[in-house]
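Some notes on the structure that comes next.
The values are calculated or read from the model by the stated rules, or taken from the named source; none is laboratory data. Values in this document were obtained by computation on a predicted structure and should not be read as measured data. Backbone-built Cβ (ideal geometry, glycine too); neighbour counts: all protein chains shown.
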Ligand SMILES: *Cc1c(COP(=O)(O)O)cnc(C)c1O
């Protein structure tokens, strides 16, 4: 057996590491620089000006929706989505146990109770059966999350929601450009929410957006996030029951995202090409599986490249930590355990006022503490040579630890 680099053997990446193969991120486009200078010189930096007006229908169309509303981040978008649907104190909102804090913060901010349910062991997304089992007379909405490399099972989730008269808000913070069964993510339910923070697949440094096909919801979300003003009915006042926020976006951010939407097809094609190569080359490597999406033909924007360790196949005493350390010694040094904990174990709940309900979630617990191995999406924009070396490092380490 080959000597692992961690035991003094020769590293697969030689004197380099996988990070040396990453392209610059975010990808700079010369035409964006020109737009930013144009905006700077014009003095029209915000208040839904030229580029935000161009971006609103453009991004909506890209996700298969009619309308989009832009905000300062992808947490406020979830909050405004729930508010626009009339959700509030006493209501329950069902969320999956693998997601970022924001998915549970949104219901908390508006006085509703997040109900945390288990996920599917292969996709890591909300388990539709666990969702249905958690429904009570107080349940008003569900927030499925398209997580890391996978899309949630939207046909099943929307069918259950319809049967029980619940709203669906899709958290698409990881899934820009994704489609399932020909429908853009964000457009399967009533509202979709996106984040454009620095680590996301499309980014303006910060930013968020809601998409919807419903004109009335569009108007409500816009008013809620723009201190009551309306894009649809300029000059009119919101009804007196609507306490509105000021969560506006800027035109600099809008111009940056507008150009990223234009370049999305080539960037997304490259990510998918590398994912296909990884899938092919990883076959037969022991102790390891790629995270699956809900359907074979899901078209995916991939936020984290995600593999799932199979703890039962690892030699005695070998954990995720040993695997990541040995891979890092080979030069494959961008892998980590995702968020490290399921949602119900996150710091949000250190605050006793933050009330939540958690179901018995053995799958998410095992996935987050023992199995998930993720790499940032830049690695899917690297060369074929990089992919081949990464797979070679995985083959070497996993053969030693699980073969
Ligand atoms: C990043 C993220 C958000 C929120 O995004 P911000 O723009 O950082 O507020 C929401 N949900 C998920 C799943 C995320 O990963």
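Here is how the numbers come out for the structure above:
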| read-out | value |
| --- | --- |
| Failed item in (1) surrounded by 15 or more Cβ atoms within 10 Å (Cβ to Cβ); (2) in a loop (DSSP other than H, G, I, E, B); (3) more than 24 Å from the chain's Cα centre (by Cα), with residue 332 passing the rest | (3) |
| Residue within region 317-329 that is closer than 22 Å to residue 25 by Cα and modelled with pLDDT of 95 or more present | yes |
| Filter result for residue 89 (without any contact (Cβ under 8 Å) to a residue 24 or more places away in the chain and either assigned by TED's automatic domain parsing to the domain that holds residue 172 or over 14 Å from the mean Cα position of the chain (by Cα) (or both)) | yes |
| The one condition in (1) assigned to a loop (DSSP other than H, G, I, E, B); (2) farther than 30 Å from residue 397 by Cβ; (3) away from the ligand (no atom under 16 Å from the Cβ) that residue 14 fails to fulfil | (2) |
